[in-house]
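Structure first, then comments.
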């Protein structure tokens, strides 16, 4: 009987060893039957443990990583089936690129165009509706422009201008992306005055406030066109800052019918000057004009006036201040008699003030005094002339356009 019981026990033990060996080999035995702690590999994870969740959100960054010579406008960060939570963009110098996530959380945009001739590192994070996060990254470089456009303007930093000053940009070529170009030129006025631009055609952008500037205002102009694609394949080529100050408020009103010019300075009438404006055949423009240049003695010739016969002239004209691009001036007149001023209009469209003989005119004449008291940006209004209204793009005459259409 003992031998029988012994054999049964041995048989049972053998069965257990076989089962254990089978379990170690990764067969059908549940992982809970593997070696106990302290022997072998230890217990495996329970079969009920959940696998890591995959976010439904898909982040897309353009350009793709490794892209070279990308256009700055090609940069986009977006997400589907989720919302962006954080986006970081740094340039090759390690500086962060300012930007913001859209209100709907579906995209991110830089505050200004990415710089050309630079490289960028981008990392974007997002989460789906269940809060499961995901991320994506990209490294790429932007192109170096092969063609640029000029952006010449009429501001000289540190200068003082009159209250009618309009800042005008000439690009020298047709501009396609007018909205992007206008957005890249911003103003910072010390009194908070807001400035808006208006395109005079597709090559010239004029910028002004709703009303005349206030005397004493300091104005900074921030120009960020270097990385703006102004036309297909053409970039602005220039980033710069300019500044100027607004001086006195001089507004002069020319009454062509009365042959007078009333000069108002800082809200007070300071003098009434006898003048001679355009004749009936060549009347002066009506409207608000601005002194855009003080030219001293200017060479004026009738060769620029087709078909002017009789009345041809070729003169050195003293104390000349340009009002329009087409050739309207306030200037000294030293060839007409004293009796002309205040009584008759004899010019070819300009506003003439009495002056002394000689190319330089006098130093104590009505023309000389007005010239010395004036600055670029001062306002000259003409009323009661038989001429047409001056066009807003003729000189700095944008004040003749209502703010609602500016």
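Just so it is clear, none of the values below were taken in a lab; they were calculated from the coordinates. Here the structure is a predicted model, which means the values were calculated and not measured. Cβ sites come from the backbone with ideal geometry, for glycine too, and all protein chains shown count toward neighbours.
Here is how the numbers come out for the structure above:
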{"quantity": "Using distinct alpha-carbon pairs, which all enter the 1/r mean, Kirkwood radius of the chain in Å", "calculated": "27.5 Å"}
{"quantity": "Between segment 194-263 and segment 364-390, the alpha-carbon center distance in angstrom", "calculated": "19 Å"}
{"quantity": "The chain: most fluctuating residue of 268, 375, 250 per GNM, C-alpha cutoff 10 Å", "calculated": "268"}
{"quantity": "Over segment 152-246, relative contact order from alpha-carbon pairs under 8 Å, at least 6 apart, %", "calculated": "36 percent"}
{"quantity": "Whole-number percent relative contact order across the chain, with pairs defined as alpha carbons under 8 Å at least 6 apart", "calculated": "12 percent"}
{"quantity": "Extension gain (nm, one decimal) between residue 202 and residue 188, 0.36 nm per residue minus Cα-Cα", "calculated": "2.6 nm"}
{"quantity": "At q = 0.14, 0.18, 0.21, 0.22 Å⁻¹, base-10 log of I(q)/I(0) for segment 285-406 (Debye sum, equal scatterers on each alpha carbon)", "calculated": "-0.61, -0.99, -1.30, -1.40"}
{"quantity": "Distance histogram for segment 58-141 (every C-alpha pair counted, 10 angstrom bins, percent rounded to whole numbers)", "calculated": "19, 54, 24, 4, 0"}
{"quantity": "Average projection area in nm² (convex hull over Cα atoms of segment 128-197, one quarter of hull surface)", "calculated": "10.3 nm²"}
{"quantity": "Least to most buried among 173, 322 (fewest other Cβ within 10 Å first)", "calculated": "173, 322"}
{"quantity": "Alpha carbon Rg of segment 239-342, scaled by the compact-globule rule 2.2 N^0.38 Å", "calculated": "1.24"}
{"quantity": "Ranked 277, 404, 252, criterion: other C-beta atoms within 10 Å, fewest first", "calculated": "404, 252, 277"}
{"quantity": "Footprinting exposure proxy for 315, 114 (fewest neighbouring C-beta atoms within 10 Å first)", "calculated": "315, 114"}
{"quantity": "Most mobile of 136, 182, 367 in a GNM of the chain (Cα contacts under 10 Å)", "calculated": "136"}
{"quantity": "Most to least packed among 186-195, 393-402 [average Cβ atoms within 10 Å]", "calculated": "393-402, 186-195"}
{"quantity": "Orientation-averaged projected area, Cα convex hull of segment 152-246 (nm²)", "calculated": "5.5 nm²"}
{"quantity": "The chain: angle of helix 2-24 to the longest principal axis, Cα-based, in degrees nearest 10", "calculated": "20 degrees"}
{"quantity": "DSSP-defined antiparallel bridges as percent of all bridges, the chain, nearest 5", "calculated": "85 percent"}
{"quantity": "Residues residue 91 and residue 147, FRET efficiency given R0 of 30 Å [Cβ-Cβ distance, rounded to 0.05]", "calculated": "0.85"}
